[in-house]
Amino acid sequence: MIFSKAGFGGAVADFEAAVVAQDAKRSGKAFIRLQETFGRAKETELFAGGPRLAAVLEQVPPSPRAVVAVLVGACVERGADAERCAPGVLAGLRAALEGAVAFGEAWAATGGGAFPVPDDGEPGEEIVERTGFEAAVGWWTLSQWEMAAVALLNHWAVRAGLNGEAVRAGLDAEAVRTGLDEKAAGGGRGELLRLLTAVAQASGQELRCLSYALQVLDDEPLVVLHRPSATGYLLRLSGIGDNFQLHTLLADALIGGGHVAGRAPSPQEVAVCRETPGQVETAGSFELVAPDGDRLWNEGTPADIPVVDGVRLLVLDEPSYARSWPAGRFFPGMRGDLILERALEPEETERWFARVSPAGELTG
C-alpha cells in the first residue's frame, strides 16, 4: 500500500491501514501526522475521519489510544457524526475507567499514598511495577477520555444510547443502524457513573465534566411547586448541565411567562442558557428545595432533584439571600431547553404539596 497522502484525510487513511495491519512503525509515523495535520483539516476530512478513527480505536495501542479518541472528539465538535463515533469512544472510556479503578486498588494494596498526577508522557517504571501497565495507563489517560467523551455526550442521540430504558424500549432506526446500543456504547450510563464514582473515591479527584455529562436528563418531566403562590406546574427539561442553567430557565418559564411574581431574566440571559454562545450576568429568583426540605444547590445538577411517585419534584421558595452569577451553559456545545407544558389544577397542586415538607429552615 502507498502511504503518505497529503493532509488529514491522508493521515487518517495511513493510520487506519497501519493499525489494521498492526504495523507499529507505520502507525507511529501516521499518528504523528494525524496531530500535525488536524489543524488544517477540511470539513470533508473531519466528517469522514472521525468515524474512521473511532472504528479502529480498540486496535490502537493503549498509550496513544486516548490521544486518538481526543482527535475523534475534536472531529465531532467540528461536525463529524457523533452517533457513528460513540461506540468506539465510549467503549474506550469504560476500559479506561476500569483500568483506573484497578489502579486505585493496586495502589492501595502496595502502600497507598497520594495518587500520582499524570503528566504528558507515559507512567514511569516504578508506577507500572506497582499497578500493572493497563491499570496505570487507565489512570494516566483518564482526563483525555473525559475530554473525548464529553464532546460526544453534547449530542442528544449519544446520551439516549446510554439510557438503559431507551435501549430496552428500542432506539430509533438511525441509532440501531449505527450500532449505538447500550452494550456497544460502553455498558450504559449507570455503569459508567458507578466506575467514575469508584475512581473519585479512590483518588480524591472528581472528573466533574464527565460526571455532569453522564447525569444530563433529556425529555424529563418535572413537577415544580411554587410555595409563595401555592401553585404548581408541569415542565419538561432536556440538555441542562447544571442547576444554574435550570434556575434561569425556570425563572423565564414561570416569571417571564407571567405565572408567578419575581424577577424575570432578560431575553439575553435566557438565550445563553439555551444555545446562544457566551455568558450574561443574572440574579437568582428562587430557592431550589427538595421535597424533604433540603436545599438544592445551583452548583448541582437536575439529576439531584428527587423522584416522587415516578416524577422529579422541585419546590421553589423565595430566595434566602441575593445571589448573582454568569448565566450560560455548563456545556457550551449542548443545547438546553425547559418547556412549560401546563399549570397544574388546584387539586393536583394540593396533592403534590401534601408530599413535601412544610416551609422552614433549609437543610443541606
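The values are calculated or read from the model by the stated rules, or taken from the named source; none is laboratory data. What you are looking at is a predicted structure, and each value in this text was computed from that prediction instead of being measured. Glycine also receives a Cβ, built like all others from the backbone with ideal geometry; neighbour counts cover every protein chain displayed. When the accessible area is computed, the model is the full protein with side chains, heavy atoms only, and any ligands, DNA or RNA have been set aside. Shrake-Rupley method; radii C 1.70, N 1.55, O 1.52, S 1.80 Å.
Data table
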{"item": "Mean ellipticity per residue at 222 nm, deg cm²/dmol - from DSSP H runs of n ≥ 4 across the chain, formula -39500 (n - 2.57)", "result": "-14500 deg cm²/dmol"}
{"item": "Solvent accessible area, Å² - residue 78, 1.4 Å probe, full protein context", "result": "100"}
{"item": "Contact order normalised by residue count of the chain, Cα under 8 Å, 6+ apart, percent", "result": "14"}
{"item": "Point-to-point label distance, residue 324-residue 339, nm (Cα→Cβ direction, 7 Å offset)", "result": "3.4"}
{"item": "Estimated inter-spin distance, residue 259 and residue 35, nm [label 7 Å along Cα→Cβ]", "result": "5.1"}
{"item": "In Å², nearest 10: area of residue 139 left accessible to a 1.4 Å probe", "result": "10"}
{"item": "Volume in Å³ per residue [convex hull over Cα atoms, computed for the chain]", "result": "160"}
{"item": "Top of 55, 354, 303 by mean-square fluctuation, Gaussian network on the chain, Cα under 10 Å", "result": "354"}
{"item": "GNM result for the chain, Cα springs below 10 Å: residue of 278, 28, 113 fluctuating most strongly", "result": "113"}
{"item": "Fully extended contour minus Cα-Cα distance, from residue 22 to residue 201, at 0.36 nm per residue", "result": "60.7 nm"}
{"item": "FRET efficiency, residue 115 to residue 58 (Cβ-Cβ, R0 22 Å, nearest 0.05)", "result": "0.25"}
{"item": "J(HN,Hα) series, segment 260-271, from Karplus relation 6.51 cos²θ - 1.76 cosθ + 1.60, nearest Hz, glycine and proline x", "result": "9, 7, x, 8, 8, x, 6, x, 5, 4, 6, 4"}
{"item": "Estimated inter-spin distance, residue 355 and residue 134, nm [label 7 Å along Cα→Cβ]", "result": "4.5"}
{"item": "Average projected area [Cα convex hull, segment 32-157], square nanometres", "result": "7.8"}
{"item": "³J(HN,Hα) computed for each position of segment 277-288 - Karplus, 6.51 cos²θ - 1.76 cosθ + 1.60, integer Hz, glycine/proline x", "result": "x, x, 9, 9, 4, 9, 9, x, 10, 9, 10, 8"}
{"item": "Taking segment 78-158 and dividing mean pair separation by its residue count, relative contact order in percent (alpha carbons under 8 Å, at least six apart)", "result": "48"}
{"item": "Segment residue 106-residue 347, extension gain: residue separation times 0.36 nm, minus the distance between their alpha carbons", "result": "81.0 nm"}
{"item": "For segment 297-364, alpha-carbon Rg over 2.2 N^0.38 Å", "result": "1.36"}
{"item": "GNM flexibility winner over the chain from 27, 324, 266 (Cα, springs under 10 Å)", "result": "324"}
{"item": "Taking segment 217-364 and dividing mean pair separation by its residue count, relative contact order in percent (alpha carbons under 8 Å, at least six apart)", "result": "36"}
{"item": "Distance between segment 297-350 and segment 64-133 - C-alpha centres, whole angstrom", "result": "34"}
